[in-house]
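This report refers to the structure that appears directly beneath it.
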Amino acid sequence: MALESVLVTGANRGLGLEFVRQLVELPKPPRFVFATYRDKNTTQALGDVEKASKQTKIVLISMDIRKTDQIKAARKIVELMVGDRGLNLLINNAGALRWVGFSEITQEDLLFQYHSNAIGPVMVLKEMLPLLQKAAAHKRGGMKASRAAVLNISSMDGSIQLTEETSEKWLTVFGYRISKTALNMAMRVVALTVMEKGILVVNICPGWVRTDMGTEDADLEVTESISTILKTLSRLDESHHGAFLDRNGKNIQF
């Protein structure tokens with residue numbers, strides 16, 4: 001998978017940080033990786049990856065996906081660096097989870113998670129779409145990540161069809177599940193909207209991963225989850241456009 005430029009949101013920790021680490025270690029790493037963060041005080045590990053990177057220019061960008069002005073400012077930085085070659089891959093990774101069930105949920109809880117997990121990714125994609133279109137125009141052929149793609153980190157917990165299989169524990173992430181369902185629908189509609197633009201759009205569940213969000217009780221190490229996702233991403237084509245997949249590329253019911 002030959003990628004010239006990648007934007008990873010929420011890249012200062014967890015899945016986002018591991019995406020950056022593994023992208024720069026690819027046999028043919030990207031020329032640019034744009035890594036966003038919200039809090040400057042949490043970027044030490046990301047800064048270490050930046051300093052150690054030999055072939056990839058890692059550009060750290062302060063961006064809260066809930067703030068339109070910061071998204072626009074980030075787009076200008078990316079555009080300045082990539083020029084007419086555009087952006088090959090957007091990884092919509094940033095998100096939020098609060099362990100609050102229906103009985104305790106507040107309007108603020110719901111709005112915070114909905115904005116972080118659904119509205120934010122949509123607005124980032126909308127702003128970066130012209131850059132993705134430029135990248136798609138540079139290469140012929142079908143849809144693929146090395147041409148132009150959007151990878152949205154979703155969750156199996158957003159599947160309406162699989163709700164009946166939920167354990168009692170996962171009923172306590174009420175707002176998170178609603179917001180991920182909204183993300184799945186939003187990106188399904190986006191996929192249909194950009195069908196003719198050559199930009200692959202997919203939602204992928206990384207599994208239950210040991211991160212600050214996933215907790216230490218999770219099944220997967222972050223390295224395993226991300227390495228599997230990147231292998232899957234390299235195999236995707238137009239037949240997967242608009243799909244909701246697990247990390248291995250298997251379809252998940254919406």
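The values are calculated or read from the model by the stated rules, or taken from the named source; none is laboratory data. Owing to the predicted nature of the structure, the values given are computational and were not obtained by experimental measurement. Methodologically, a virtual Cβ is constructed for each residue, glycine included, from the backbone with ideal geometry; neighbour enumeration extends over all protein chains shown. Remember, those area values only see protein heavy atoms, side chains included, never the ligands or the DNA or RNA. Shrake-Rupley method; radii C 1.70, N 1.55, O 1.52, S 1.80 Å.
Tabulated results
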{"item": "In order through segment 88-96: 3J(HN,Hα) via Karplus (6.51 cos²θ - 1.76 cosθ + 1.60), integer Hz, x for Gly, Pro", "result": "6, 9, 10, 9, 7, 9, 4, x, 8"}
{"item": "Segment 58-171 shape via C-alpha gyration tensor axes, a/c threshold 1.5", "result": "oblate"}
{"item": "Other-chain or far-sequence residues with amide H under 5 Å of I58's (modelled H)", "result": "V33"}
{"item": "Check: the chain dipole with +1 on Lys, Arg Cβ and -1 on Asp, Glu Cβ, in debye", "result": "1240 debye"}
{"item": "Whole-number percent relative contact order across the chain, with pairs defined as alpha carbons under 8 Å at least 6 apart", "result": "19 percent"}
{"item": "Share of carbon and sulfur in the accessible heavy-atom surface of segment 50-149 [1.4 Å probe, %]", "result": "53 percent"}
{"item": "Solvent-accessible area per residue, Å², over the chain with all protein chains present [probe radius 1.4 Å]", "result": "48 Å²"}
{"item": "Segment 145-254, relative contact order [Cα under 8 Å, separation at least 6], %", "result": "34 percent"}
{"item": "Sequence-distant residues sharing a close amide H with A243 (under 5 Å, placed H)", "result": "N203"}
